[in-house]
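What follows is one structure encoded as structure tokens, with my remarks underneath.
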Amino acid sequence: MMLAKNAEKHGMKSWLMPRNNEKKMNIQIFSAENAAKELKQHSKKWHVVSLRDVHYATGHHPLNGLEDCTKDIIVSGMDDITWSTNPSLGYTPPTKEKVEEIVNWVEERQPKNLMVHCWAGVSRSSATAFILSCKFNSPEDAFNLLDPKKHMPNLMIMDYGLDLINDTEAVKWYRKFIQLQSP
């Protein structure tokens, strides 16, 4: 199994079965532009977690008007900021409540195909997809979902999400991912 080989290569315990012995959820990370293209090409295939900068949550966005192309969609307005961003600059940070709302939304729907997107498909979406994959598939699947050369998971979402799912294996896999990013 490819995932098991990748895990063993990085010295981590291999999880061969998804949580609760259920079928694995197909979780994919997209940029907003690529998400729009995918929805147009494969209408009604995806449940969508749409993480949007607050000024895009209600304004012009590539996915606006494509809601009918989804099986279901949750739009969460949060800017891609970290703990060190000055709150007086007017940004809306990710919150524990927003992360929990997304996890609960996915848990209620149990989608076969889940698209997670933010503007660039790098930070908010990778953190959210990692947390969701840990919870609904396995920490190994989450690890294999991320590319250390491309993805830089948002630290606030990771902190809230790891706390929410309370899984020590997920923390170990995330630490292993961080080590891959270090020079």
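Quick one: if you stick a label point 7 Å off each Cα along the C-beta vector at residue 168 and residue 33, how many nm between them?
4.4
Over the chain, calculate the relative contact order: mean separation of alpha carbon pairs under 8 Å at least 6 apart, over the residue count, as a percent.
With pairs under 8 Å counted, the relative contact order is 27 percent.
Compute the FRET efficiency between residue 43 and residue 75 as 1/(1 + (r/R0)^6), taking r as their Cβ-Cβ distance and R0 = 22 Å, and round to the nearest 0.05.
E(calc), rounded to 0.05, equals 0.75.
Rounded, prolate or oblate: pick one for the chain, where a ≥ b ≥ c are the square roots of the eigenvalues of its C-alpha gyration tensor, a/c under 1.5 means rounded, and failing that, prolate if a/b is larger than b/c, else oblate. Each step should come with its number before you reach the end.
Details: a/c = 1.73, a/b = 1.24, b/c = 1.39.
Note, shape of the chain comes out oblate.
Please sort 115-124, 157-166, 83-92, 64-73 by packing, taking for each peptide the average over its residues of neighbouring beta carbons within 10 angstrom, highest first.
115-124, 157-166, 64-73, 83-92
What is the magnitude of the charge dipole of the chain about its Cα centre, with +1 placed on the Cβ of each Lys and Arg, -1 on the Cβ of each Asp and Glu, and no other charges, expressed in debye to the nearest 20?
Numbers: 23 positive and 22 negative charges, 140 e Å.
Dipole of the chain, to the nearest 20 debye: 680 debye.
Pick from 126, 138, 43: which is most flexible by mean-square fluctuation in a GNM of the chain where alpha carbon atoms under 10 Å apart are linked?
Fluctuation is largest for 43.
Any read-out appearing in this document is the output of simple, stated calculations on the displayed coordinates, not a laboratory observation. All values reported here derive from a predicted model rather than from experimental measurement. No Cβ is skipped: glycine too gets one built from the backbone with ideal geometry, and neighbour counts run over all protein chains shown.
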